[in-house]
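Here's the structure, in structure tokens; my notes come after.
The values are calculated or read from the model by the stated rules, or taken from the named source; none is laboratory data. The shown structure was predicted, so the numbers you read here are calculated from the model rather than taken from an experiment. With ideal geometry, Cβ positions are generated from the backbone for all residues, glycine too; neighbour counts draw on all protein chains shown. Only protein heavy atoms, including side chains, enter the accessible area calculation; ligands, DNA and RNA are left aside. Shrake-Rupley method; radii C 1.70, N 1.55, O 1.52, S 1.80 Å.
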Amino acid sequence: MPGGIGGYKIPGIRPEGHAIEFLREIDMPPIPPIDPFSICAKCDIQIALEPLESAEALLLRMGSSAFIILNSNSRYRSRDAFSVAHELGHYYLPGHGKEKYYCTFENIFRFHSSQKNEQEANSFATSF
Ligand SMILES: [Zn+2]
């Protein structure tokens with residue numbers, strides 16, 4: 001559901017706090033390790049592997065549906081879970097309402113990203 005389940009947001013809390021709130025809303029205990037793939041299944045977010053030019057992963061919102069596309073050419077399959085968690089950050093966090101997030105390897109795995117939204121999605125993802 002774009003904009004978060006129920007549209008309920010707590011202003012002023014950090015991305016890590018939003019991650020805990022997100023888990024509470026979907027009835028998953030916030031006890032690590034949390035599998036981002038099972039979160040997607042629970043939220044009806046479809047995950048697909050596609051060859052992407054320069055992105056590691058992307059989030060697409062189409063109407064009431066959301067999709068996470070992972071780059072099938074990635075050499076870093078073991079990092080897919082973190083990429084999915086990062087895209088879940090864009091899916092859920094306040095201020096991340098764009099229809100499309102096209103995230104490069106640097107956006108997801110370099111924590112000094114100068115883009116605030118990318119940093120927030122990473123902080124969200126580290127909570128899993
Ligand atoms: Zn991103």
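Remarks
- Qualifying positions in the range 84-121 - open to solvent by less than 70 Å² (accessible area, probe 1.4 Å), farther than 16 Å from GLU21 by Cα and in contact (Cβ under 8 Å) with a residue 40 or more places away in the chain: VAL84, GLY97, TYR101, CYS103, THR104, PHE105, ASN107, ILE108, PHE109
- Looking across the range 14-34, just one residue is surrounded by 14 or more Cβ atoms within 10 Å (Cβ to Cβ), in contact (Cβ under 8 Å) with a residue 40 or more places away in the chain and in a loop (DSSP other than H, G, I, E, B), and that is ILE34.
- Residues (in a loop (DSSP other than H, G, I, E, B) and modelled with pLDDT of 95 or more) located in the range 70-93: SER72, LEU93
- Residue match in the range 45-66 (condition: of a type in the set (S, T, N, Q), assigned to a strand (DSSP E or B) and open to solvent by 80 Å² or more (accessible area, probe 1.4 Å)): yes
- Listed conditions (1) more than 18 Å from GLN46 (Cβ to Cβ); (2) away from the ligand (no atom under 11 Å from the Cβ); (3) out of contact with any Lys or Arg (no Cβ under 6 Å at 6 or more places or on another chain) are all met by PRO94, apart from (3).
- Of everything listed in (1) away from the ligand (no atom under 14 Å from the Cβ); (2) under 22 Å from LEU23 (Cα atoms); (3) open to solvent by 10 Å² or more (accessible area, probe 1.4 Å); (4) not charged (D, E, K, R), the single unmet condition for ASN73 is (2).
- Subset of the range 103-123 that is within 10 Å of the ligand (Cβ to nearest atom) and out of contact with any Ser or Thr (no Cβ under 8 Å at 6 or more places or on another chain) - its residue that is nearest to GLY12 (Cα to Cα): GLU120
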